[in-house]
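Here the structure is laid out as structure tokens; the discussion comes afterwards.
The values are calculated or read from the model by the stated rules, or taken from the named source; none is laboratory data. Small disclaimer: the values here were computed from a predicted structure and weren't measured. Every residue, glycine as well, gets a Cβ built from its backbone with ideal geometry; the counts of neighbours run over all protein chains shown. With ligands, DNA and RNA removed, areas are computed over all heavy atoms of the protein, side chains included. Shrake-Rupley method; radii C 1.70, N 1.55, O 1.52, S 1.80 Å.
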Amino acid sequence: MTLNKLNLMKTLTGSLLGIMCWGAAFAHASVPSGKTTVVYFGTQNKDDFEKKIKPVFDSQSCKNCELVNYTPYTKEGTVDMPGLRERVESLPDTTSFVFFDFNMKVNDQNKDLVELLNKKAQKGLVIVGSAGAPKANEASSSLSRTVLGQVQNALIIGELGERDRLAPSAFYGPEMLTALRPPKDKIGQGYSPLIFAANLAEHWSKHNSQEWTEHFKNKKSKSRKLWLDLNDMF
């Protein structure tokens with residue numbers, strides 16, 4: 001074998017080993033590590049978030065998980081819905097996934113929010129949200145007519161009432177991943193989607209964002225249950 005051929009083989013072997021090492025490093029880096037940061041959007045005021053929402057999340061999730069309230073507020077302290085899109089646009093770099101503690105019907109004012117959330121989802125952002133319910137003066141409708149219901153791969157969580165049935169006024173449809181029974185302790189109703197988000201945060205490091213989406217799809221497709229519970233999913 002000539003000297004040129006030996007040099008060529010050494011170069012190719014070195015390149016192949018380099019690619020294999022890079023690939024292993026990439027695969028390892030694709031699984032999130034460090035603190036899990038869940039960005040929260042809700043209809044609660046700041047005080048209620050600190051007193052009612054965050055304590056429930058903290059009691060259900062890991063010590064290395066945090067829930068960050070990124071809800072926009074007006075000067076009067078009420079939720080600034082028109083400012084919601086700008087907040088979603090400027091998510092912190094530390095965001096692991098986002099949690100919407102509400103849902104609403106699609107209209108001319110929030111169509112751009114749907115478009116933005118879909119763009120974020122396409123880039124790998126996991127979006128978790130409550131199935132929600134219409135306003136008091138509105139009739140119920142399908143999830144497909146709501147903001148979260150039109151976001152690709154959104155993990156939409158409902159809540160069960162008496163006899164394991166959805167509330168008659170809640171949004172409904174196949175876009176819902178599952179509906180959970182509310183906790184029997186003093187937490188009460190309305191927190192099931194938040195508890196799902198806390199459990200996802202606790203297990204977040206096991207998969208990357210794309211893998212989590214596929215994980216839940218597979219769990220749902222392979223189960224004969226109408227509603228998966230937390231033990232079925234994690």
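Ordering R163, R145 by accessible surface, largest first, gives R163, R145; the 1.4 Å probe counts only protein heavy atoms, with every chain in place. The count of lysine pairs in the range 94-165 with alpha-carbon distances below 21 Å, taking only pairs 8 or more places apart or on different chains, stands at 7. List the lysines whose Cα lies under 21 Å from the Cα of K54, skipping any in the same chain that are fewer than 8 positions away. Counting by Cα, and skipping residues close in sequence, K54 has these lysines nearby: K35, K46, K63, K184, K186. A simple packing score, the average count of other Cβ atoms within 10 Å per residue, orders the peptides 69-75, 89-95 as 69-75, 89-95, with the highest score first.
Assigning unit charges at the beta carbon (Lys, Arg +1; Asp, Glu -1) and nothing else, what dipole magnitude in debye, to the nearest 20, does the range 132-222 show about its Cα centre? Before the final figure, lay out the partial values.
On the way: 12 positive and 9 negative charges, 39 e Å.
Result for the range 132-222 is approximately 180 debye, rounded to the nearest 20.
Taking every alpha-carbon pair within the range 30-134, the share separated by more than 22 Å comes to 31 percent.
Heavy-atom accessible area for Y172, with the other protein chains in place and a 1.4 Å probe, reaches approximately 110 Å². The residues of the range 148-234 expose on average 58 square angstrom of accessible surface per residue, using a 1.4 Å probe on protein heavy atoms.
The residues of the range 45-103 have, on average, 57 Å² of accessible surface per residue, using a 1.4 Å probe with all protein chains present.
Taking the 1.4 Å solvent-accessible surface of the range 73-154 as the whole, the part contributed by carbon and sulfur is 45%. Amide H to amide H distances under 5 Å link L180 with G158, E159, L160, where only residues 5 or more positions off or on other chains count and H is placed in the peptide plane. Counting Cα-Cα pairs of the range 189-234 in 5 Å increments starting at 0 gives whole-percent bin shares of 5, 20, 29, 26, 17, 5, 0.
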